[in-house]
Amino acid sequence: MNTLPDFFDFLVMERNKIKSLPDGFEIHEGYFPERMEEIGRFRIRAWRNENGINPTFFSQEVWIDSLDKNAHHWIITKEKVIVAAARLSFHECIEEVPYADFLHDEHRPLFQKSPIASINRLVVDPAFRGRGFARILDNERINLAAKAGSKIMIAFPQLSRLVHLQKLGFNLISQLENIPEMPERPFFLMKLDL
């Protein structure tokens, strides 16, 4: 449940950095309780018109879950408006990872090292795709997880992200049952040893 005190203390010390990106974009890293609703609204808005999604789920206004409170977040902004977002969470055991209930029994032994770093909730505004923001956010999350001392990372990507994550060193473990939020989009399990 993202309750690792040593890692949380480390991440708090690393909180809320801002870096400039080309063309007037900025990447913000840290904890943003004051912006969580905005991030949740952005997640819905960016996915709402995509193929293969659950229109009922994406008719809600905000997509926030219990992990958001203690997770480490990144947002990319242009003139203070969010154009991309991603999250990194740490877990003591595989049962605490988002979508753990979709894992098969044979997957669980692959994730015995604690803490498990989980990359999730990557979303880029369709108008800003193709600028490398997903790559930037993936690299930021991998680097922080390694710096925090995590030895293993889990990802549950969509089909379109497999090749990119493999280039970063992730191994494809299996295709899983599709998630309720995106019932017509293939869902996969990947692992990276840090």
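Under a Cβ-Cβ cut-off of 13 Å, what is the net charge of the residues other than Leu168 that fall near it, where Lys and Arg count +1 and Asp and Glu count -1? Computed value for this residue: +2. Straight-line cross-link reach from Lys69 at under 20 Å between alpha-carbon atoms covers these lysines, not counting any fewer than eight positions away in the same chain: Lys17. Counting only protein heavy atoms and a 1.4 Å probe, the chain has 49 square angstrom of accessible area per residue.
For Val83, the amide hydrogen comes within under 5 Å of the amide hydrogens of Ile76, Thr77, Lys78, counting only partners 5 or more places away or on other chains and with H modelled in the peptide plane. Along the axis of the charge dipole computed for the chain (Cβ charges of +1 for Lys and Arg, -1 for Asp and Glu, origin at the Cα centre), the listed residues Leu168, Ile152, Phe187 are led at the positive end by Leu168.
Report, in deg cm²/dmol and to the nearest 500, the calculated mean residue ellipticity at 222 nm for the chain, where each DSSP H run with n ≥ 4 adds -39500 (n - 2.57) and the sum is divided by the residue count.
Numbers: 4 runs with 42 residues, N = 194.
About -6500 deg cm²/dmol.
Run the accessible area of the chain with a 1.4 Å probe and give the carbon-and-sulfur part as a rounded percent. Using a 1.4 Å probe with all protein chains present, the chain comes out at 52 percent carbon and sulfur. Given a 10 angstrom Cα cut-off, can you work out which residue in Asn16, Asn70, Asn49 is the most mobile in a GNM of the chain? Between Asn16, Asn70, Asn49, it is Asn49 that shows the largest mean-square fluctuation. What's log10 of I(q)/I(0) for the chain at q = 0.09, 0.12, 0.15, 0.19 Å⁻¹, Debye sum over Cα points only, no solvent? Values returned for q = 0.09, 0.12, 0.15, 0.19 Å⁻¹ are -0.31, -0.56, -0.92, -1.56. Residues whose amide H comes within less than 5 Å of that of Ile152, counting only those at least five positions distant or on another chain, are Ala117, Leu194 (H built at 1.01 Å from N in the peptide plane).
The values are calculated or read from the model by the stated rules, or taken from the named source; none is laboratory data. On a predicted model such as this, the values are computed, not experimentally measured, just so you know. Because the Cβ atoms are built from the backbone with ideal geometry, glycine has one as well, and the counts that use them run over all protein chains shown. All accessible areas refer to the heavy atoms of the entire protein, side chains included, with ligands and DNA or RNA removed. Shrake-Rupley method; radii C 1.70, N 1.55, O 1.52, S 1.80 Å.
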